Amino acid sequence: MRYDWLTKPGFLVYLERFLLGFGVLGLLFVGMAYLDSALVSRQAMAAFDEALSAQEALEALKLEEPDQSLWSESRKKKYTELTSDKVPLAVLAIDRLKLQVPVFPGTDRLTLNRGAGIVDGTAYPGEKGNMVVSAHRDGFFRPLKDIAVGDQIKLKTLKGTQVFVVKELFITDPLDISVLDPTDSQTLTLITCYPFYYVGYAPERLIIRALPEQPNDDSRNDIFPKPIHITNLVTSVDTHPDPNTHGVLNYSQ
């Protein structure tokens, strides 16, 4: 037969080796991507610690920001980049989940590879209103699969540490932009894709609402007293947003 060579042992051996090698290369590529992301995150948090130490030293010396009135625009830009681009605005931590991630402005792909990102147009740390933070479900926000109402979220900035308490958990559609709406009081909203173990482009979003901790705060009797438990576990695959979907909540895979 014309295609008998396809069934010859030698060809099958070479085909098996080729497929095995291709699979190994794929695993190495994915592994390197995760290692690079983790390294960048650690470097960002180290930069934050250095900036915090410098900030404390400046406060001890009662020094002020340099006078930039005579600086050129390029010099101002470089100064801003040096003081803000590599240093995260904050570090978000949930001790119970062993989660610690740097928080940067914006939610572009590069930012979400470095850590979590603050959605443009929402509040910044320390500001009144709704601060919305997003990160990848199969990356920095993976521990959120075990989040529960009543959990404490620590937001550490150069000005100090603020503690928030989780008040509400719910699942919504990627097109639901109401979760970005401003609030009258200080609110912390975390967003990530859902389900956590979904293969491909996740169809929903997990929303976590938290408010500043108050004295004698007991939130575990609230709406969701238990952690979210994920069923039907399958392998998670990091994917990019569906180009045919235009919802504004597509930045957190």
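Here, each number is a calculation from the coordinates, and none is a lab measurement. Not measured: the values here are computed from a predicted model. Every residue, glycine as well, gets a Cβ built from its backbone with ideal geometry; the counts of neighbours run over all protein chains shown.
Quick notes on this one:
- Charges were assigned to the Cβ only: +1 to each Lys and Arg, -1 to each Asp and Glu. The resulting dipole of segment 84-166 about its Cα centre is roughly 200 debye.
- Close amide H partners of Glu204, meaning residues 5 or more places away or on another chain with modelled amide H under 5 Å apart, are Tyr194.
- Neighbour counts of C-beta atoms inside 10 Å place Glu73, Glu127 in the sequence Glu73, Glu127, starting with the fewest.
- Estimated vicinal HN-Hα couplings, Hz - segment 175-190 in sequence order (Karplus 6.51, -1.76, 1.60; Gly, Pro = x): 8, 7, 8, 5, 5, 8, 4, x, 10, 5, 10, 5, 9, 10, 10, 9
- Near the amide H of Phe141, within less than 5 Å, lie the amide hydrogens of His136, all on another chain or at least 5 residues away, with H placed in the peptide plane.
- Counting every other Cβ atom within 10 Å of each residue's Cβ, Phe141, Phe170 order from fewest to most as Phe170, Phe141.
- With θ taken as phi - 60° and the Karplus curve 6.51 cos²θ - 1.76 cosθ + 1.60 applied, the whole-hertz 3J(HN,Hα) list for segment 138-149 is 9, x, 5, 9, 4, x, 5, 5, 10, 5, 9, 4 Hz, x standing for glycine and proline.
- For peptides 202-211, 117-126, sequence by mean Cβ density within 10 Å, most packed first: 202-211, 117-126
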